[in-house]
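The values are calculated or read from the model by the stated rules, or taken from the named source; none is laboratory data. On a predicted model such as this, the values are computed, not experimentally measured, just so you know. Here the Cβ positions follow ideal geometry from the backbone for every residue, glycine too, while neighbour counts run over all protein chains shown. Each accessible area value is taken on the protein alone, full model and side chains, heavy atoms only, with ligands, DNA and RNA left out. Shrake-Rupley method; radii C 1.70, N 1.55, O 1.52, S 1.80 Å.
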Amino acid sequence: LRGRVSATVSGLSDRGIVPGLAVVLVGEDPASAVYVRNKGIQTREAGMVSFEHKLEASTGQDALMALIAKLNADPAVHGILVQLPLPGHLDAEAVINAIAPEKDVDGFTISNVGLLGTGQKAMVPCTPLGCLMMLKDRLGNLSGLNALVIGKSNIVGKPMAQLLLAEGCTVTVAHSRTRNTADLCRQADILVVAVGRPELVKGDWVKPGATVIDVGINRIERDGKSRLVGDVDFGPAAEVAGAITPVPGGVGPMTIACLLANTLIACCRINGLPDPDLSGPGHPAG
């Protein structure tokens, strides 16, 4: 996907159009700082312009909203991403919804959420989009398959369910109040887990041959060492599943690749150009 994005960006650049992505980081959250740095590197590698705005943790709501308004009006900026979480004194929902929908490359504004939920052309959240691309790459046509999404967040769970519904899956969403999660897992041809609970899904929960997408990334202590694990108990699950994403290295790289794709798509739409053909193995447009 990154290769196809880079090739398309190169073609646009020859016409004097260069996609620009602005990333806003408020405060010094270490994980967020790493994400922002990686996004900047990959944005530039794809031939795009990276605008990074790093603000003090004490930045007020008015100042942040003023920056969003400035980026909305900047013709060199085609995508705006506010790195979450924001410091507690800031109203994250108000900040996100202040982003112009056509520049909302995270797909988090009410406008894009509504468009996605009603099956219209929207900016699709990057992580669910990456998950869908991997599923289609592995399985091809998803129509008629039983899909279970564990987690109901606005960032992953809910949009993931919408995307799977649009592909013709029979979709169930499980969450912290679900009583029979293990039984639901055992019926799922597709299992997408995004709850932030280390190794919640056990190997014997997975239907033999199922395709498992593990969105979780959790730092735990084991045998005196710190390590990263997903929301699925990888070893036992891998023995049963037809395919499973590793943690780290599975969903994460796809999320940033889809951010680049969304920035390119936003640039084309803002400039009155048709959506780029990024179809290849697994892309929903393919």
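Of all residues in the stretch 58-96, exactly one satisfies the criterion of being assigned to a helix (DSSP H, G or I), over 26 Å from N271 (Cβ atoms), in contact (Cβ under 8 Å) with a residue 12 or more places away in the chain and not aliphatic (A, V, I, L, M), namely Q61.
Got at least one residue in the stretch 151-162 being on the phi > 0 side of the Ramachandran plot, crowded, with 24+ Cβ neighbours inside 10 Å and not hydrophobic (A, V, I, L, M, F, W, C)? So far as the stretch 151-162 goes, yes, one or more of its residues are on the phi > 0 side of the Ramachandran plot, crowded, with 24+ Cβ neighbours inside 10 Å and not hydrophobic (A, V, I, L, M, F, W, C).
Report, by residue number, each residue of the stretch 133-159 that is charged (D, E, K, R) and either in a helix (DSSP H, G or I) or touching a residue at least 24 places away in the same chain (Cβ under 8 Å) (or both). Listed by number, the residues that qualify are K136, D137, R138, K158. In the stretch 163-187, which residues are under 22 Å from the mean Cα position of the chain (by Cα) and open to solvent by less than 70 Å² (accessible area, probe 1.4 Å)? Residues satisfying the conditions are L163, L164, E167, G168, C169, V171, T172, V173, A174, H175.
When the criteria are applied in full, G224 fails the requirement of being within 21 Å of Y35 (Cα to Cα) and not hydrophobic (A, V, I, L, M, F, W, C). Of all residues in the stretch 235-257, one or more are in contact (Cβ under 8 Å) with a residue 40 or more places away in the chain, surrounded by 18 or more Cβ atoms within 10 Å (Cβ to Cβ), out of contact with any strand residue (DSSP E or B) (no Cβ under 7 Å at 6 or more places or on another chain) and small (G, A, S). Cβ separations smaller than 7 Å between residues 6+ apart or across chains give the following pairs from the stretch 1-20 residues that are more than 12 Å from P276 (Cβ to Cβ) to residues that are in a loop (DSSP other than H, G, I, E, B) and open to solvent by 30 Å² or more (accessible area, probe 1.4 Å): S13/G47; G20/A76.
Here L145 meets the list (1) more than 14 Å from the chain's Cα centre (by Cα); (2) farther than 20 Å from A241 by Cβ almost entirely, failing just condition (2). If you filter the stretch 1-49 down to residues that are touching a helix residue (DSSP H, G or I) at 6+ places or on another chain (Cβ under 9 Å), closer than 11 Å to L81 by Cβ and open to solvent by less than 50 Å² (accessible area, probe 1.4 Å), you find that the one that is modelled with the lowest pLDDT is K39. Total residues in the stretch 64-79 satisfying the condition of being surrounded by 14 or more Cβ atoms within 10 Å (Cβ to Cβ) and closer than 15 Å to V95 by Cβ: the figure is 6.
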